[in-house]
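The values are calculated or read from the model by the stated rules, or taken from the named source; none is laboratory data. What you are looking at is a predicted structure, and each value in this text was computed from that prediction instead of being measured. When we count neighbours, we look across all protein chains shown, and the Cβ atoms used for this are built from the backbone with ideal geometry, even at glycine. Side chains included, ligands, DNA and RNA excluded: accessible areas come from the protein's heavy atoms. Shrake-Rupley method; radii C 1.70, N 1.55, O 1.52, S 1.80 Å.
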Amino acid sequence: MIRLGSGYLGSPSLMNSGEGSFQVIPNPPENWSMKYNFYKFEFACPNIQEVTVKINEGEPICLGNGYFATEYYDAPIWSFVVVDPDVDFYWYGAY
């Protein structure tokens with residue numbers, strides 16, 4: 001079996017987008033030369049609400065139920081911005 005990743009990251013508790021345009025994915029450690037590149041990623045709003053996001057600096061996408069997930073065969077996620085203000089969410093990723 002081929003090993004794809006090297007670690008996991010995610011929200012330590014319920015997070016909030018604050019004033020909006022909130023970058024979910026943190027900066028990598030200072031000794032890294034590249035950004036995180038998640039081959040699996042999941043975003044979920046516990047209140048199941050409509051939320052607008054930008055993925056990998058793309059155009060805004062409306063998530064009707066506040067949920068988004070990828071699998072290892074999808075394009076990797078290196079940027080995930082919650083556009084809307086005051087959105088509660090959790091996120092998880094494998095890199």
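Working only within the stretch 34-62, note down all residues that are under 15 Å from residue 20 (Cα atoms) and aliphatic (A, V, I, L, M).
Passing the criteria: 51, 53, 55, 61.
Conditions (1) within 19 Å of residue 89 (Cβ to Cβ); (2) touching a strand residue (DSSP E or B) at 6+ places or on another chain (Cβ under 6 Å); (3) basic (Lys, Arg), marked per residue:
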site	(1), (2), (3)
7	no, no, no
10	yes, yes, no
16	yes, yes, no
20	yes, no, no
26	yes, no, no
33	no, no, no
50	yes, no, no
63	yes, yes, no
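Any residue in the stretch 6-29 that is free of Cβ contacts under 8 Å to residues at least 24 places away in the same chain sitting within a Cβ distance under 6 Å of a residue that is open to solvent by less than 50 Å² (accessible area, probe 1.4 Å)? List the pairs, counting only those 6 or more apart or interchain.
28/36
Could you check how many residues of the stretch 14-47 are surrounded by fewer than 11 Cβ atoms within 10 Å (Cβ to Cβ) and not hydroxyl-bearing (Ser, Thr, Tyr)?
11
Which of the residues that make up the stretch 48-79 are in a strand (DSSP E or B), open to solvent by less than 20 Å² (accessible area, probe 1.4 Å) and in contact (Cβ under 8 Å) with a residue 24 or more places away in the chain?
Those that are in a strand (DSSP E or B), open to solvent by less than 20 Å² (accessible area, probe 1.4 Å) and in contact (Cβ under 8 Å) with a residue 24 or more places away in the chain: 51, 53, 77.
Can you find, within the stretch 1-13, the residue that is surrounded by the fewest Cβ atoms within 10 Å (Cβ to Cβ) among those that are modelled with pLDDT under 95 and closer than 18 Å to residue 79 by Cα?
Checking each candidate, the answer is 7.
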